[in-house]
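So the structure is just underneath, and the comments pick up after that.
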Amino acid sequence: MPANHFNTHCPDWATALLNGFSQIFLQRHPLCGLLCLLAILFSAPALLGGALLGGVAGLLTAQRRGYTKADRQAGLFSYNGILLGLLLSLYFPWSALLPPLIIAAGGLSAMVTQQWLKHSRDHHCLPAYTAPFVGMSWLLLSFAAPQQPAPLIEMTTLNLLAASLKGLGQVLFLGHPLAGALIATGLLIADRRAFLWALLGSVAGLGLALLQHETLTALQGLSGYNAVLAALAFSQNRRQPWLPLLAILLAVLLTPGFAALGLATLTAPFILACWLIRAGIRVLRQAAIDSAPCTTGENHPRLR
């Protein structure tokens, strides 16, 4: 079903919220967002309330503060709140204090996103991606209790195939292959090219982790989700397929560094990998401009 057809049968607020779910995977497609929501519902229903609360909090904050409607409808003020709601629901027990905390975190993430959008458009800053989520999560996780170690997973062909799907699901803290299958279906509907790159990113992350003998991490899908996001960030560069490949490699190689620093990995390797690539591209373009033959006159093509 085309996104435009879906939009005509969906209220504005629902479209904006579903787009927020799809924006986690750098897509704007409400049906893709719906499948991401269903992935949470079917594989980890206890996390769904927090995800919805965080997304709605971000959306309402943007609406009350008069942020651009086009950005609200695109889901740009919801996706960080959704991720924060998922994380808080996963790491903190439900209590009377948790819903206000999720609402506050979702609202604050929308305000941070708005400021980042203003600066990125006015001063050509690097994209925010999930930086508001990561920064706030590092602060919040300092108050969380340690997680129980994950059970061992046997190395079998079936578990390897499941791990490739888990790499998609772990973007939403979902370690079940059904979640990955639903998300993969959503990406396929939204953009076939993005779907293929996401799968390649997950498989590449899995393979590189196995080469480094990180078997448990690989089979849980934890080695693949940053590579998935990094691949998606550059999946539309049809003339430069090496960009998503480089992003995948960088995301995987940067991951151990955050653990060494004592920081939760989250989506930080994906962000840093994309920032390094985009900054590198800008430096190369500027160097090409500076080294080009300089001629006087207003009609020089590089001065217009």
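Please treat every number below as a calculation from the coordinates, not as lab data. What you see is a predicted model, and the numbers here were worked out from it, not measured in a lab. Neighbour counts are summed over all protein chains in view; Cβ atoms, including those assigned to glycine, are modelled from backbone coordinates with ideal geometry.
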| field | For the chain, with +1 on Lys and Arg beta carbons and -1 on Asp and Glu, the positive-most of Leu59, Val283, Phe133 along the dipole | value | Val283
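Order the peptides 12-22, 218-228, 248-258 from the highest to the lowest mean number of other Cβ atoms within 10 Å of their residues. Each step should come with its number before you reach the end.
Details: 12-22: 23.6, 218-228: 28.9, 248-258: 20.3.
Highest to lowest by the protection proxy: 218-228, 12-22, 248-258.
Pop the C-beta distance of Asn237 and Gln148 into the FRET formula with R0 = 35 Å and round what comes out to the nearest 0.05.
About 0.30, to the nearest 0.05.
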| query | Label-point separation (nm) for Leu284 and Met111, each offset 7 Å from Cα along Cα-to-Cβ? | reply | 4.0
| query | Short version: ³J(HN,Hα) in whole Hz for each residue of the range 250-261, in order, from phi by Karplus 6.51 cos²θ - 1.76 cosθ + 1.60 (θ = phi - 60°), x for Gly and Pro, what are they? | reply | 4, 4, 5, 5, 7, 4, x, x, 6, 5, 5, 7
| said: How would His176, His213, His29, His119 line up from fewest to most surrounding beta-carbon atoms within 10 angstrom? | reply: His213, His119, His176, His29
| HN-Hα J in Hz across the range 185-202 - Karplus 6.51, -1.76, 1.60, θ = phi - 60°, x for Gly and Pro | 4, x, 5, 4, 5, 6, 6, 4, 5, 4, 4, 5, 5, 4, 5, 4, x, 5
| said: Tell me the mean residue ellipticity at 222 nm calculated for the chain from its helices only (DSSP H runs of n ≥ 4, each -39500 (n - 2.57), averaged over every residue, nearest 500). | reply: -22000 deg cm²/dmol
| query | Given 37 °C and 0.692 mPa s, how large is the Stokes-Einstein diffusion coefficient of the chain in µm²/s, with Rh as the Kirkwood radius over Cα pairs? | reply | 165
| task | Evaluate 2.2 N^0.38 Å with N set to the residue count of the range 3-141, then give the Cα radius of gyration divided by it. | result | 0.99
